[in-house]
Amino acid sequence: MVAIEVLLKSIEGAIFDLDGVIVDTAKYHYFAWKKLANMLRFEFTEKDNEKLKGVSRKESLEILLKIGGKENEFSEAQKEELMDIKNNWYLEYVGKLTEDDLLPGAKETILTLKEQGIKTGLATASKNAMLILERLKIKDLFDAIVDGTQISRAKPDPEIFLKCAQKLKVAPQKCIVFEDAAAGIKAAKAAGMFAIGVGSPETLSEADIVVGNLTQLVKKLNWK
């Protein structure tokens, strides 16, 4: 952990993923996708859902349809309708979010970084990020926000992190990324950024450092 303490002295920007790092909305995505799969009459398991982490809504639908053997059954217009149906179910779930749904250590980490003069950014494939941030009451904690409405290429492409760094006006090599998905770690590394994985070391093996949650990181760095 000494390496991170030294690293933070040279870091000017910290970029956070949303789902799985700041709040667990992945379960709501799963509930909504599973409901869609049930509507289309096939099974969609939690293990299947792992394939959807960190990818765009359109790509998620394509993966889901392939799992159900229905990848060639719908036109582009019909796929748009299916994505809207899923998203409306998802919004019903996230509409009930409160500050109590923030993951352990998330807000403390963001505030501590800001206290150290490090700019904070959010980079998420979610197109509902603004709604979620407002429900959690943390929107104003970020100096820059890049969501799914502002990018054309999903992780593991580095576009989202590079765009966030640009908004922060910080060079990529002076940014640190907090991610819980393998695709996000790949994207961070491709952007030339230091990557901290939040979750399982097995899943996030390409991260520079892996912690179980942000509370664990805060304690190890003696930020609190």
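The values are calculated or read from the model by the stated rules, or taken from the named source; none is laboratory data. Nothing here was measured: the structure is a model prediction, and the numbers come from that model. Neighbour counts run over all protein chains shown; Cβ positions are idealised from the backbone, glycine included. Side chains are part of the model used for accessible areas, which takes the heavy atoms of the whole protein and leaves out ligands, DNA and RNA. Shrake-Rupley method; radii C 1.70, N 1.55, O 1.52, S 1.80 Å.
Counting only residues that are of a type in the set (G, A, S) and modelled with pLDDT under 95, which one in the stretch 113-128 is nearest to P156 (Cα to Cα)?
The qualifying residue nearest to P156 (Cα to Cα) is A125.
Got a number for residues in the stretch 85-111 being open to solvent by 50 Å² or more (accessible area, probe 1.4 Å), of a type in the set (S, T, Y) and assigned to a helix (DSSP H, G or I)?
Counting residues in the stretch 85-111 that are open to solvent by 50 Å² or more (accessible area, probe 1.4 Å), of a type in the set (S, T, Y) and assigned to a helix (DSSP H, G or I) gives 1.
Among (1) of a type outside the set (A, V, I, L, M); (2) without any contact (Cβ under 8 Å) to a residue 24 or more places away in the chain; (3) outside any helix (DSSP H, G or I), there is one condition E80 misses while meeting the rest; what is its number?
The failed condition is (3).
List pairs: first in the stretch 11-26 and at positive phi, second open to solvent by less than 20 Å² (accessible area, probe 1.4 Å), Cβ under 9 Å, 6+ apart or cross-chain?
Close Cβ pairs satisfying both conditions: G20/E179; G20/A181; G20/G184; G20/V198.
Quick check, is L82 surrounded by 19 or more Cβ atoms within 10 Å (Cβ to Cβ) and either over 30 Å from K167 (Cβ atoms) or over 17 Å from the mean Cα position of the chain (by Cα) (or both)?
Working: surrounded by 19 or more Cβ atoms within 10 Å (Cβ to Cβ): no; either over 30 Å from K167 (Cβ atoms) or over 17 Å from the mean Cα position of the chain (by Cα) (or both): yes.
Criteria not met by L82.
Any idea which of (1) at pLDDT 95 or above; (2) surrounded by 17 or more Cβ atoms within 10 Å (Cβ to Cβ) is the one L40 doesn't satisfy?
Unmet condition: (2).
State which residue pairs qualify: first residue free of Cβ contacts under 8 Å to residues at least 60 places away in the same chain and at negative phi and inside the stretch 97-123, second residue open to solvent by 70 Å² or more (accessible area, probe 1.4 Å) and basic (K, R) in any location, beta carbons under 8 Å apart, and separation of 6 or more residues or different chains.
Pairs found: T98/R135; E99/K137.
Among the residues of the stretch 133-141, is there at least one that is in contact (Cβ under 8 Å) with a residue 12 or more places away in the chain, of a type in the set (K, R) and more than 20 Å from A190 (Cα to Cα)?
Of the residues in the stretch 133-141, the ones in contact (Cβ under 8 Å) with a residue 12 or more places away in the chain are 133, 135-138, 141.
Next cut, of a type in the set (K, R) only: 135, 137.
Filter again for more than 20 Å from A190 (Cα to Cα), leaving 135, 137.
Looking for residues that are in contact (Cβ under 8 Å) with a residue 12 or more places away in the chain, of a type in the set (K, R) and more than 20 Å from A190 (Cα to Cα), one finds at least one in the stretch 133-141, hence yes.
So, of the residues in the stretch 18-32 that are within 17 Å of the chain's Cα centre (by Cα) and open to solvent by less than 10 Å² (accessible area, probe 1.4 Å), which turns out to be modelled with the lowest pLDDT? Spell out how you get there, then give the answer.
Taking the stretch 18-32 as the starting set, the residues that turn out to be within 17 Å of the chain's Cα centre (by Cα) are 18-30.
Of the ones still in play, those that are also open to solvent by less than 10 Å² (accessible area, probe 1.4 Å) are 18, 21-23, 25.
On the way: L18: 95, V21: 95, I22: 96, V23: 95, T25: 86.
Checking each candidate, the answer is T25.
Hey, among F31, F74, which residue is farther than 18 Å from I185 by Cβ and part of a loop (DSSP other than H, G, I, E, B)? Don't jump to the end; show me each part of the working.
Values: F31 fails: part of a loop (DSSP other than H, G, I, E, B).
Step by step, each of F31, F74 is checked, and only F74 is farther than 18 Å from I185 by Cβ and part of a loop (DSSP other than H, G, I, E, B).
Which of the residues that make up the stretch 17-28 are in a helix (DSSP H, G or I) and hydrophobic (A, V, I, L, M, F, W, C)? Outline the logic, then answer.
Of the stretch 17-28, the ones in a helix (DSSP H, G or I) are 26-28.
A26, the sole residue that qualifies.
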